[in-house]
1. Can you tell me how many residues in the range 185-201 are in contact with a strand residue (DSSP E or B) (Cβ under 7 Å, 6 or more places away or on another chain) and within 21 Å of residue 73 (Cα to Cα)?
2. Tell me the helices (runs of 4 or more DSSP H) entirely within the range 1-100 that contain at least 2 residues that are in contact with a strand residue (DSSP E or B) (Cβ under 9 Å, 6 or more places away or on another chain), surrounded by fewer than 16 Cβ atoms within 10 Å (Cβ to Cβ) and modelled with pLDDT of 95 or more.
3. For residues that are in contact with a helix residue (DSSP H, G or I) (Cβ under 9 Å, 6 or more places away or on another chain) and surrounded by fewer than 17 Cβ atoms within 10 Å (Cβ to Cβ), scanning just the range 119-137, find the one that is modelled with the lowest pLDDT.
4. I want to confirm something. Restricting to the range 179-215 and keeping residues that are touching a helix residue (DSSP H, G or I) at 6+ places or on another chain (Cβ under 8 Å) and more than 8 Å from residue 108 (Cα to Cα), which single residue is surrounded by the most Cβ atoms within 10 Å (Cβ to Cβ)?
């Protein structure tokens with residue numbers, strides 16, 4: 001299964017922005033949504049083509065509320081992600097899977113206090129999965145990712161997320177993970193440089209195009 005992870009912009013709460021809008025909510029309604037990091041939405045699709053089609057369907061919202069859309073294709077790597085642009089090139093057979101690993105950016109991953117999340121109400125977790133599917137153990141990621149309830153309820157003709165009904169409830173005390181500033185690197189000899197921008201718990205590697213590496 002191909003995975004997709006949307007990283008929300010700093011000035012919005014991604015779950016709220018997407019699931020409170022009918023078109024985006026309908027596009028996501030058939031997926032089991034998760035939140036592996038603060039202010040993200042992640043899901044599984046059947047292929048790279050399906051992942052790119054979904055991102056294209058959501059493009060209006062991605063432009064406004066998403067800093068980056070990531071795709072993880074197991075036939076390329078079980079640990080590293082692809083940028084949307086690189087995944088699109090892969091889908092279009094413009095690049096071979098073994099040619100995707102040279103240019104990368106590495107996100108640091110830190111534990112975050114739930115109270116530090118953006119102020120708008122977010123979708124409440126329906127549960128927790130203690131085995132991370134969106135970051136590998138050790139160097140490239142660890143910790144739990146939280147299931148998100150994609151279902152919405154309708155009252156008086158207005159769609160509303162479950163959280164909008166319970167936004168006054170006490171936030172969970174469970175520490176969550178959030179992504180911090182990326183380090184742009186180039187793989188040499190099969191190895192990636194270490195993330196050295198700050199002390200972090202783990203890292204998340206994203207393969208990118210040469211143009212994205214040197215804009």
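The values are calculated or read from the model by the stated rules, or taken from the named source; none is laboratory data. Note that the structure is predicted; figures quoted are calculated from it, not measured. As a convention, Cβ positions derive from the backbone with ideal geometry for all residues, glycine included, and neighbour counts pool all protein chains shown.
1. 4
2. Here the list reads 48-57.
3. The residue in question is 126.
4. Checking each candidate, the answer is 207.
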